[in-house]
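S.K.: One structure, pasted below without further comment.
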Amino acid sequence: DNNFHGTLPSEMFTSSLDLRNIDIGGNDFEGMIPKGFGNLPKIAILRINNCTFEGELPPELFVSTSLRMLVVSDNNLNGSLPDELYGATSLQMLDLSSNEFSGTVSTDIGNLKALKTLELQSNKFVGTIPSTLGLLSNLETVDVSFNLFNGTVPEEVCDLRNSSASFTELVADCNGTLPRVTCTCCSACEVGL
């Protein structure tokens, strides 16, 4: 939180190829997330949360095979998730919460075998929660609340939660008079949108 504002300098992406950790959260950057982040081959941690970035999530963010943590929460990002995201197999934390993302979450999310934390809450995702989340044996936290998901939290996800001591938090919109999602294994149920 330095109160920086404006756009990010393009030189950042050509003269700093050894950067491994970027945390520019809590500033007042504007415009779209620069595609130049994809030029940083060693980037492992990218925190660009609580800014005023807008537009879609650039597919270039997922070029680095070193990316372990991506936090873009509390921005004005929108659109559907790029297919390239599902190839980021080193990701351990993915926080897309409090944006305007829409569309479905692909069953290819089951490719993210290292994933421990998945924060999708407070967006506009639709469809059903993918059963392939049940393939992610390292999961500890999943929050899909305050979206437009419907149906039932898949049995595969509940089986994983019930068999894993580390999978302690599963939150969905399974509360209220007409819950959007049915869940027999959630740690917390929200009323949702």
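S.K.: Given the condition of a type in the set (Lys, Arg), outside any loop (DSSP other than H, G, I, E, B), in contact with a Leu (Cβ under 8 Å, 6 or more places away or on another chain) and open to solvent by 50 Å² or more (accessible area, probe 1.4 Å), answer yes or no: does some residue in region 179-192 qualify?
M.R.: Within region 179-192, not a single residue is of a type in the set (Lys, Arg), outside any loop (DSSP other than H, G, I, E, B), in contact with a Leu (Cβ under 8 Å, 6 or more places away or on another chain) and open to solvent by 50 Å² or more (accessible area, probe 1.4 Å).
S.K.: Please count how many residues of region 132-148 are without any contact (Cβ under 8 Å) to a residue 40 or more places away in the chain, out of contact with any helix residue (DSSP H, G or I) (no Cβ under 8 Å at 6 or more places or on another chain) and crowded, with 23+ Cβ neighbours inside 10 Å.
M.R.: Residues meeting the conditions: 1.
S.K.: On to the next question. Name every residue in region 164-193 that is under 19 Å from Ser137 (Cβ atoms) and not hydrophobic (A, V, I, L, M, F, W, C), in order of residue number.
M.R.: Ser164, Ser166, Thr168, Glu169, Ser187
S.K.: Of the residues Leu118, Leu91, Leu160, Leu139, only one is under 30 Å from Arg20 (Cα atoms), outside any loop (DSSP other than H, G, I, E, B) and not polar (S, T, N, Q); which?
M.R.: After ruling out the rest, the residue left standing is Leu118.
S.K.: Among the residues of region 35-71, count how many are part of a loop (DSSP other than H, G, I, E, B), touching a helix residue (DSSP H, G or I) at 6+ places or on another chain (Cβ under 9 Å) and open to solvent by less than 30 Å² (accessible area, probe 1.4 Å).
M.R.: Qualifying residue count, region 35-71: 7.
S.K.: Among Ser102, Ser106, Ser80, Ser98, which is the only one that is open to solvent by 10 Å² or more (accessible area, probe 1.4 Å), without any contact (Cβ under 8 Å) to a residue 40 or more places away in the chain and on the phi > 0 side of the Ramachandran plot?
M.R.: Just one listed residue meets the conditions, Ser98.
The values are calculated or read from the model by the stated rules, or taken from the named source; none is laboratory data. Just so we're clear, the structure is a prediction, and the values are computed from it rather than from any experiment. So basically every Cβ, Gly included, is an ideal-geometry build from the backbone, and we count neighbours across all protein chains shown. Keep in mind that these areas ignore ligands, DNA and RNA; they rest on the heavy atoms of the full protein, side chains included. Shrake-Rupley method; radii C 1.70, N 1.55, O 1.52, S 1.80 Å.
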